[in-house]
Structures are given as structure tokens and as C-alpha cells.
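The values are calculated or read from the model by the stated rules, or taken from the named source; none is laboratory data. Owing to the predicted nature of the structure, the values given are computational and were not obtained by experimental measurement. Positions of Cβ are generated from backbone atoms using ideal geometry, with glycine treated the same way; all protein chains shown enter the neighbour counts.
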Amino acid sequence: MPDPTLKDHFVLTSVVHPDAHWFHAGIVDGCRDAVIEGVAVDIVQRLCEPSQTAFGNWCLRRAGGDPHDEATKAELEAYLLADFADVDNETRLQGAVVEHLWASLADALDGPWGTPLHVEHEHFSVIDHGGDGLSIYEFTAPDLRFRLWESKRHDSPSKSVTSVVTEAAGQLQSDAASYLARMSKPLQLSPDARVQQLAGTIVKLWTTQDARGGVGVSVGTTKTSPLPVRPFKGLRDKFAYFASSEHREGLIIEIPDLQGFAEAVRATIVSGID
């Protein structure tokens, strides 16, 4: 489970616009180190969830405990280094960090559908096929609403946030049905019978453009210049069939020196392995 205090280290601002209902997240002054630590712990806990011992062993080593035996170290490397082995692969490292940042903040996004009942983030690696996340919301009993999310990183002065969002929206437009089909399997394992029921209908709800469906795009970006006036224009263009902006949601996470931030998150993760 994400650290419930992590969201307290961000200033979350809500923006209501016909393109999308979107949120801006910025780190509170003086809290950068706490966010790095919190995100790293969230990543480790999320990735090590299948193991009964891996997260605890990571925490012990991170706190200054004895080095791991070879078998334990190998287990942790298998769970944690898919996206974090190579510090020089900036695209993959930043992409993984901003995707996990979305997962850590998703249940704090109190939009027009309220805060999510359940957040699904089943990606093992940022390069895996499939959607990046899914938020599920209370609706009219026994129905639930859902929002499929795509996460992107932005660290290029030659490309705007708007173009990154439009690219992500196009990806959702073309691949959403297959993304949801992949996600339906873990949803079937939910202890909530309503989520299990949704799992069996979610693809058809999408392909029929049912009003219970929605989309979201999250962008983690280096804070270097003012944001564009309409960052989520492309989301509206690709999903104009949704009658209102409540079906389209966005998140922009602005982080000064995104690459340095991602490297620090990686160093924290590695410190509990070595």
C-alpha cells in the first residue's frame, strides 16, 4: 500500500476545464528528500508484494543491517532492478519513477467522481505492455466507474507537455481495450465482489463507450518553464465522445531536476539491496 503521508508532501491544486478535470502536484518546499524516500519505499513495497520476506529484508538493510546473503540479494535484485539497474538509461529510469509517483498519488486525487475506491497498478516494469494504471470509483450501487490511466515522463525542452499528453491520449485511444483485457485478470482477484464483477464487463463497457468509463493521463515533468494554457487539449480531442470533462482527468507532477530526483530514488532503492 502507498505511504498515506506521501501526499502531504505535495501541494495538489485542482483545475476544472472543459478539456479535462486535472491536478497539478508540486513538492512542498523542504520536502524533496522526504518525497524521494517515500516514493522509493512505495516502489519497493509494491514490487516486493508477492514475497513474504523481501520488503522486510530490504528495510533491515536500508536501516544499516548486515549485508544480505547471496540468495536474499538475488531475490531483491529480481524484484527491484527491472527498471532500476542502469542509472544511465534516463528514459526508463524517469519513466518508472513518474509512473510509480502516479500510483502513490492516485488515491488522493479527489476529482468529480471522488477519490478512488481501488487503484490498480499491476506493471512490473515500465516497458511492459498494457495500461499503466486503473482507478475504480463508487457509482450507483451495485455499479462502479473506472478510469484507465497512461503515464508519461517529460524532460525535453524541444517537446511540450501538451504534445506528451496528446501522444498518451492517442495510445489510450488505440490500445485501451487490450489494456483493460490485461487488467481484468488481477481485478478478478479483488476481495470486493463489485470489482470482480466489473472485471468481467470492463472491456465491453469500454468498446460500447459506456458512460461508466473514463480516461486519465499523468505526466511527470521537470519544472523549467510555465505550463501550457491547455495541457490536456489532446485528451479532449481524442475522447470528445465523452459528454463532459469529468470523464477526462489529468495529473501533472512538476519536479525540479527530474533526472536528479529519479537518480536519488534509484540510489535509495539500491541501498537496501547492496
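If you go through segment 93-118 one residue at a time, how many are of a type outside the set (Ser, Thr, Tyr), surrounded by fewer than 21 Cβ atoms within 10 Å (Cβ to Cβ) and either in a loop (DSSP other than H, G, I, E, B) or over 14 Å from the mean Cα position of the chain (by Cα) (or both)?
Narrowing segment 93-118 to residues of a type outside the set (Ser, Thr, Tyr): 93-103, 105-114, 116-118.
When the remaining residues are screened for being surrounded by fewer than 21 Cβ atoms within 10 Å (Cβ to Cβ), the result is 107-108, 110, 112, 114, 117-118.
Now narrow it down to the ones that are either in a loop (DSSP other than H, G, I, E, B) or over 14 Å from the mean Cα position of the chain (by Cα) (or both): 110, 112, 114, 117.
Selection size over segment 93-118: 4.
Quickly run through segment 122-132 and pick out the residues that are out of contact with any Leu (no Cβ under 8 Å at 6 or more places or on another chain) and touching a residue at least 60 places away in the same chain (Cβ under 8 Å).
Residues of segment 122-132 out of contact with any Leu (no Cβ under 8 Å at 6 or more places or on another chain): 122-123, 125-130, 132.
Glu122, Asp132, listed by residue number.
Take the conditions outside any helix (DSSP H, G or I) and either of a type in the set (S, T, N, Q) or over 14 Å from Trp149 (Cβ atoms) (or both) and apply them to Gln209. Does it pass? Steps first, please.
Values: outside any helix (DSSP H, G or I): yes; either of a type in the set (S, T, N, Q) or over 14 Å from Trp149 (Cβ atoms) (or both): yes.
Considered against the rule, which asks whether it is outside any helix (DSSP H, G or I) and either of a type in the set (S, T, N, Q) or over 14 Å from Trp149 (Cβ atoms) (or both), Gln209 comes out as yes.
Are there any pairs with C-beta distances below 7 angstrom linking a residue in segment 81-100 that is over 19 Å from Ile252 (Cα atoms) to a residue that is surrounded by 15 or more Cβ atoms within 10 Å (Cβ to Cβ) and among the acidic types (Asp, Glu), with the two at least 6 apart or on different chains, and if so which?
Qualifying pairs under 7 Å: Val87/Glu263.
Would you confirm whether or not segment 124-139 contains a residue that is part of a strand (DSSP E or B) and surrounded by fewer than 16 Cβ atoms within 10 Å (Cβ to Cβ)? Steps first, answer last, please.
At the first step, the residues of segment 124-139 found to be part of a strand (DSSP E or B) are 133-138.
Subsequent filtering for residues that are surrounded by fewer than 16 Cβ atoms within 10 Å (Cβ to Cβ) retains 138.
Within segment 124-139, one or more residues are part of a strand (DSSP E or B) and surrounded by fewer than 16 Cβ atoms within 10 Å (Cβ to Cβ).
Given the conditions (1) surrounded by fewer than 17 Cβ atoms within 10 Å (Cβ to Cβ); (2) at pLDDT below 95, which single one is not true for Arg46?
(1)
Give segment 119-143 a look and list any residue that's more than 13 Å from the chain's Cα centre (by Cα) and modelled with pLDDT of 95 or more, or say none.
Ile136, Tyr137
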